[in-house]
Ligand code: HEM
């Protein structure tokens with residue numbers, strides 16, 4: 001089998017994020033959260049967010065913890081949903097990329113998910 005490339009730049013992140021959300025919207029556990037999303041805003045936000053996580057661009061302005069806390073107040077999250085989110089993210093990375101950055105982005109996603117659950121779920 002051919003070896004996959006690592007995540008090198010913003011274009012690679014765009015591919016990853018698009019591929020991840022294509023699965024998310026179909027998912028029976030978390031798809032519902034994205035029913036009324038403004039994709040023209042959300043997708044570019046996520047490109048910039050992950051670009052900052054991997055390449056330290058400093059361009060992301062936002063407060064994901066607060067955002068998810070607010071979502072949780074009207075539509076509560078549970079652990080199973082967070083686990084599914086991380087699983088779909090991990091699978092999307094593994095389908096497209098392999099290498100140091102690919103490992104790093106999966107680790108960061110998992111860590112943020114753990115912190116988010118600690119802050120949001122009680
Ligand atoms: C059960 C798991 C999760 C669900 C259902 C979920 C759902 C959502 C939804 C509905 C939005 C709002 C989009 C909008 O209003 O435009 C959002 C935003 C966002 N999510 Fe999540 N999320 C989950 C977990 C995570 C995790 C683990 C991360 C990070 C690793 C993450 C990162 C973000 C970011 C960065 C934003 C954008 C915040 C901003 O507007 O600046 N999410 N999420």
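Nothing in this text is a laboratory measurement; each read-out follows from the coordinates by a stated rule. Quick caveat: nothing in here was measured; it's all calculated off a predicted structure. Here the Cβ is made from the backbone with ideal geometry for all residues, glycine too, and neighbour counts use every protein chain on show.
Quick one: would you say residue 97 is over 11 Å from the mean Cα position of the chain (by Cα) and near the ligand (Cβ under 8 Å from one of its atoms)?
Judged against the criteria, residue 97 is not a match.
Mind checking which residues of the range 24-37 are within 6 Å of the ligand (Cβ to nearest atom) and outside any helix (DSSP H, G or I)?
Within the range 24-37, the subset within 6 Å of the ligand (Cβ to nearest atom) is 30, 33-34, 37.
Of everything in the range 24-37, those that are within 6 Å of the ligand (Cβ to nearest atom) and outside any helix (DSSP H, G or I) turn out to be 30, 37.
For the range 38-74, give me each residue that is more than 8 Å from the ligand (Cβ to nearest atom), surrounded by 11 or more Cβ atoms within 10 Å (Cβ to Cβ) and outside any helix (DSSP H, G or I).
Those that are more than 8 Å from the ligand (Cβ to nearest atom), surrounded by 11 or more Cβ atoms within 10 Å (Cβ to Cβ) and outside any helix (DSSP H, G or I): 57, 59.
Looking only at the range 75-122, which residues are touching a residue at least 60 places away in the same chain (Cβ under 8 Å), outside any helix (DSSP H, G or I) and surrounded by fewer than 17 Cβ atoms within 10 Å (Cβ to Cβ)?
Within the range 75-122, 98, 99 qualify.
Does any residue in the range 13-39 that is on the phi < 0 side of the Ramachandran plot come within less than 7 Å, Cβ to Cβ, of a residue that is part of a loop (DSSP other than H, G, I, E, B) and surrounded by fewer than 14 Cβ atoms within 10 Å (Cβ to Cβ) six or more places away or on a different chain, and which pairs are these?
Sorted first by the residue in the range 13-39, then by its partner, the pairs are 33/75.
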